[in-house]
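I have placed the structure first, in the form of structure tokens, so that the comments after it can refer back to it.
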Amino acid sequence: MAAAFENRLFIDGEFREARSGKTFEIFNPATTKSIGVVYEAGVEDVDAAVAAAGKAFESWSELRAAERAQWLLRLATKLEEEIPEMTRLEALTMGKPVHNEFSVPMGVEVLRYFANRAPDVQGETSLNDPSLFGMTIRQPYGVVGAIIPWNTPMLMLSMKIGPALATGNTMVLKSSEKSPLSCLVVARCLADIGFPPGVLNILNGFGRPCGEAIAKHMGIRKLAFTGSTITGKAIKIAAAQSNLKNVTLELGGKSPMIVFEDADLARAASDAAASILAISGQACMASSRIYVEESKAVTFLKLVTAEVTKAGVSGDPLAEGTCRGPQADHVQYDRILNFLDLAKEEKLHVTLGGARENKIGYYIQPTIIYEPPETSKLVQDEIFGPVLCVSTFANERDVIQRANNTEYGLYASVYTNDLKRALKISKKLQAGTVGVNVTSPTVSLDLPFGGWKQSGEGRELGKHALESWTELKTVLIGM
Ligand code: NAD
């Protein structure tokens, strides 16, 4: 059966079948049925993509930054026309509803942001030693790699290619085996606008062998990865054991949200529901642990339950008006159900949901667990599903200690009307981003995003991202 979508690899400016001829199936999680196959890149395809990127590097890196910006802006304009198609394909492959979809348009915005910042990469000068005129320059790494997850493919792709290509690198990017189709629309757009061949190569494939071959490749000098902490560790090992390539990691999270008694409780409850239900709980920065001050716990629990119930109504991801879709695949589905079984075993107080939904597709009820012990795996581990832990706290000291008491540190938030307290707590929270009276998925394109502790290393977005895709060189001129 011919696929109703592009299914080949994009190497050196053209679509190709995988050298091995191997394909793999893509499934619709709302029906559990196969929707077709895509070609699977193997090690030899990674080699071909790296060679194409190597060949393209000199001419791309020697363009004026403003010319690279023009190419990226042309790509963004073309992608804008394809937002409905990319949104449809992401709904089809991972169940993200087309209604109110924000990450695909945001991907286009991210690309424009970095295109416009392309000419804004500079070094420093030093005259501190009279015998020397010193300066630093920033230069691209050369051929770089990117490996992205399935939950927001187009946005993840933009966050990698935007700063990497703007600064003159050429790239080999692997999409996720669960949702490769919107990335192939990007490939088609590259071909349509005649984007310089080899500058961006896009591969469909599994973690092994394709992702691993990228992580180990001797011809790749920097690699940006977004995905789970466990894979992030494997990638760092592969990078260290090969050419010690520079690695940035955007990993998992278990983000705390602290709600003080003086906060706008209605707003906190509605933000909490939106955060845990975004992409059916499959967002790295989802606020999955809420700590509410004891005096307002009962009121808040009622409010948040009402908000989760209202916003958590599920349906067909392709239908207009559907707010929540299924989990992305049977692996995610089984994993979340295992956590819910554990909640039963541990006799946790489940006040809402707690089971699968009684319908076709990988749907799970939005779930609230009240006052779970801090040591429970449901409080410590990333569940990556619509499961919210709500706990109470007695004082500031206690809540800061508990908020920081996981191995993650991606996002944290605090709701209060006391600005002094908000600032004090922002400083104490161990997280790459802290929201005050806002929570995830709120981010700012011009400010860094990334994790502390086992949530990652390095930053995306903002000027930090541009810098992170360049090597720094000191040039000394004898006077
Ligand atoms: P994953 O780690 O299973 O896979 C991510 C990517 O890595 C996929 O493309 C996969 O094929 C590839 N991969 C798997 N094994 C590999 C290996 N050994 N070598 C090289 N590549 C390999 O993660 P996922 O299930 O796709 O995504 C969910 C995870 O991603 C969650 O933990 C979530 O928190 C995290 N995430 C983080 C962010 C962030 O910005 N911090 C954003 C989105 C998702």
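Taking all protein chains as shown and a probe of 1.4 angstrom, Ser468 keeps an accessible surface of around 30 Å². The loop-placed trypsin sites (Lys or Arg not before Pro) in the stretch 261-368, going by DSSP, that have at most 12 neighbouring Cβ atoms within 10 Å of their Cβ come out as Lys347, Lys359. Relative to the longest principal axis of the Cα atoms of the chain, the long axis of helix 229-241 lies at roughly 30 degrees. Split the accessible area of the stretch 175-239 by element, probe 1.4 Å, and carbon with sulfur accounts for 63%.
If r is the Cβ-Cβ distance from Thr474 to Ser228 and R0 is 30 Å, what FRET efficiency results, to the nearest 0.05?
0.20
Across the stretch 310-327, computed HN-Hα scalar couplings (Karplus, 6.51 cos²θ - 1.76 cosθ + 1.60, θ = phi - 60°) run 5, 7, x, 5, 9, x, 6, x, 7, 8, 4, x, 6, 8, 9, x, x, 6 Hz from first to last residue, x flagging Gly and Pro. When both the stretch 387-426 and the stretch 81-131 are represented by their alpha-carbon centers, they are found 30 Å apart.
So for the stretch 255-444: antiparallel DSSP bridges make up what percent, rounded to the nearest 5? Around 15 percent antiparallel, to the nearest 5.
Other residues with beta-carbon under 15 Å from the beta-carbon of Ala66 carry, at +1 per Lys or Arg and -1 per Asp or Glu, a net charge of +2. Over the chain, Cα pairs under 8 Å with separation of 6+ residues give a relative contact order of 18 percent.
Restriction of the GluC sites (Glu not before Pro) in the stretch 1-98 to DSSP coil positions whose beta-carbon has at most 10 other beta-carbons within 10 angstrom yields Glu62. Applying the Karplus relation 6.51 cos²θ - 1.76 cosθ + 1.60 with θ = phi - 60° to the stretch 365-382 yields 3J(HN,Hα) values of 5, x, 10, 10, 10, 9, 6, x, x, 4, 7, 4, 4, 5, 8, 8, 9, 6 Hz, where x marks Gly and Pro. Contact order for the stretch 239-301, expressed relative to its length and based on alpha carbon pairs under 8 Å spaced 6+ residues apart, stands at 42 percent. By definition, a body whose alpha carbon gyration tensor gives a ≥ b ≥ c is oblate when a/c is 1.5 or more and a/b is not larger than b/c, and the chain fits this oblate description.
Considering only beta bridges that DSSP places wholly inside the chain, some 40 percent are antiparallel. Excluding ligands, DNA and RNA, the accessible surface per residue across the chain is 40 Å² with a 1.4 Å probe.
Using a cut-off of 29 Å between Cα atoms, the listed pairs Lys33/Lys160; Lys233/Lys359; Lys344/Lys424; Lys254/Lys463; Lys78/Lys233 include Lys33/Lys160; Lys233/Lys359; Lys344/Lys424; Lys78/Lys233 as exceeding that distance. Principal-axis analysis of the Cα atoms of the chain puts helix 419-428 at an angle of about 60° to the longest axis. A simple spin-label model places the labels of Asn338 and Phe102 3.1 nm from each other, with each point 7 Å out along Cα-to-Cβ.
The values are calculated or read from the model by the stated rules, or taken from the named source; none is laboratory data. No experiment lies behind these values; they were computed from the predicted model shown. All Cβ positions, even for glycine, are placed from backbone atoms using ideal geometry, and neighbour counts span all protein chains on display. What goes into the accessible areas is simple: the full protein's heavy atoms, side chains included, and nothing from ligands, DNA or RNA. Shrake-Rupley method; radii C 1.70, N 1.55, O 1.52, S 1.80 Å.
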